[in-house]
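The values are calculated or read from the model by the stated rules, or taken from the named source; none is laboratory data. Just so it is clear, the structure is predicted and the values come from calculations on it, not from any experiment. Neighbour counts are summed over all protein chains in view; Cβ atoms, including those assigned to glycine, are modelled from backbone coordinates with ideal geometry. Note: accessible area is taken over every heavy atom of the protein model, side chains too, but ligands, DNA and RNA are not part of it. Shrake-Rupley method; radii C 1.70, N 1.55, O 1.52, S 1.80 Å.
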Amino acid sequence: MRIGVLCSGGDSPGMNAAIRGAVLRGVEVHGFEMVGFMDGWRGFHEDDRIPLDRAAVRGISPLGGVILGTSRVQPFLSGRGDDADIQTIRDRVEEYGLDAFLLIGGNGTQTVAQLLTDHGIPAIGLPKTIDNDLSGTDYTFGFDTAVSIASEAIDRLRTTGDSHRRCMVLEVMGRDAGWIALHAGMAGGAQVTLVPEFPESIEQISEWVLSVRDRGRSSLVVVAEGFRLAGGAAQTTRDGLDGFGRKRLGGVAEVLAPLIEQHTGIETRATVLGHVQRGGSPTAFDRVLATRTGIAAADAAQAGQWGTMAGLRGDRIAMVPLAEAVGHLKTVPEARYEEARLNFG
């Protein structure tokens, strides 16, 4: 069997470990021939590929980034995903001699994997995203690393905030899901954690910050980039659109900080963590999860379990139907938000 591997969407720590797990299992155990397409669908459309064997994946698990590169280039040249687009992909699959795909990515990539499988082009998904917003899996690889980086930033901001009696506002990624903010805020003991799923008013946020001051401490506020204030305020965006045509989120901390200072009289500073959360070596947890995911995907290919995704369910990797993994984001439930609120004020 000849399998094409490609990555799509934003980079995420652990992608190299996933590739290594899939290749070692697929090539060494099942006898597959595997090829990697450079920069995602760009490499597929332009026939930019490399062989993937034991030598190609040697020593890559601890490396950040991804050896194949990734991009937000669309799989469908017209952008519609119609019959003509599917036929174009089918023609190239035949030209390259491929039998199937292993697609590494988030919700958009897994949606494509399902669409291809539905049209007779076998595919299996591997769930990566730092946002942890993909249904069908308890955790996506890359999430733990992003949370660890954000938690370290909280620890560092707390000491400088305490020194100056300032309120510090840290903005983390996550788009429309607040998982990074929730976990980092709880790990770092943030007094306020703001997530997209639960808007809060500036009056309520200021009340929490003042209650911290009244106890003789300085506030640390963690805010997800997709958070919006209660009352219908829009999300804070930057100029331009991303590769999927969505508005670029970012800068909500810079909006909140002066509002908090205005309402409380407490000097407030904003820090936007940004792409630091994506970079560097993955944590041990992400390396193990990604490796297990890659192994499970190769085993699923051998078993012909097309149209599935290798998701973490409890302590085991299960092949989840892609229909369960796509179509809606996995957002923070109210019970988890209430847990975080124990630190508030």
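Among the residues of segment 324-334, just one is open to solvent by less than 70 Å² (accessible area, probe 1.4 Å) and part of a helix (DSSP H, G or I), namely 325.
Considering segment 140-179, and only residues there that are among the β-branched types (Val, Ile, Thr) and in contact with a helix residue (DSSP H, G or I) (Cβ under 7 Å, 6 or more places away or on another chain), the residue that is most open to solvent (accessible area, probe 1.4 Å) turns out to be 149.
Does residue 339 count as surrounded by fewer than 21 Cβ atoms within 10 Å (Cβ to Cβ), of a type in the set (Asp, Glu) and either over 20 Å from the mean Cα position of the chain (by Cα) or in a loop (DSSP other than H, G, I, E, B) (or both)? Yes, satisfied. Condition check for residue 73 on (1) touching a strand residue (DSSP E or B) at 6+ places or on another chain (Cβ under 6 Å); (2) open to solvent by 50 Å² or more (accessible area, probe 1.4 Å): one failure, at (1).
When segment 256-268 is limited to residues that are open to solvent by 40 Å² or more (accessible area, probe 1.4 Å) and in contact with a helix residue (DSSP H, G or I) (Cβ under 6 Å, 6 or more places away or on another chain), the one that is farthest from residue 168 (Cα to Cα) turns out to be 263. The set of residues in segment 282-299 that are of a type in the set (Gly, Ala, Ser) and over 20 Å from residue 29 (Cβ atoms) contains only 284. Selection of segment 184-216 for residues being within 27 Å of the chain's Cα centre (by Cα) and open to solvent by 40 Å² or more (accessible area, probe 1.4 Å) yields 186, 187, 197, 198, 199. The condition of being part of a strand (DSSP E or B) and of a type outside the set (Val, Ile, Thr) does not hold for residue 197. The single residue among 294, 311 that is assigned to a strand (DSSP E or B), open to solvent by less than 70 Å² (accessible area, probe 1.4 Å) and not hydrophobic (A, V, I, L, M, F, W, C) turns out to be 311. When the residues of segment 269-282 are filtered to those that are open to solvent by 50 Å² or more (accessible area, probe 1.4 Å) and not in a helix (DSSP H, G or I), the one that is nearest to residue 141 (Cα to Cα) is 281.
Conditions (1) within 19 Å of the chain's Cα centre (by Cα); (2) at pLDDT 95 or above; (3) under 30 Å from residue 208 (Cα atoms), marked per residue:
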| site | (1), (2), (3) |
| --- | --- |
| 274 | yes, no, yes |
| 289 | yes, yes, no |
| 296 | no, yes, no |
| 306 | no, yes, no |
| 316 | no, yes, no |
| 319 | no, yes, no |
| 325 | yes, no, no |
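Taken over segment 35-49, the criterion of being crowded, with 17+ Cβ neighbours inside 10 Å and assigned to a loop (DSSP other than H, G, I, E, B) is satisfied by 38, 39, 40.
Let's see how each residue does on (1) of a type outside the set (D, E, K, R); (2) in a loop (DSSP other than H, G, I, E, B); (3) without any contact (Cβ under 8 Å) to a residue 40 or more places away in the chain; (4) under 15 Å from residue 8 (Cβ atoms):
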site	(1), (2), (3), (4)
61	yes, yes, no, no
64	yes, yes, no, no
73	yes, yes, no, yes
76	yes, yes, yes, yes
79	yes, yes, yes, yes
98	yes, yes, no, no
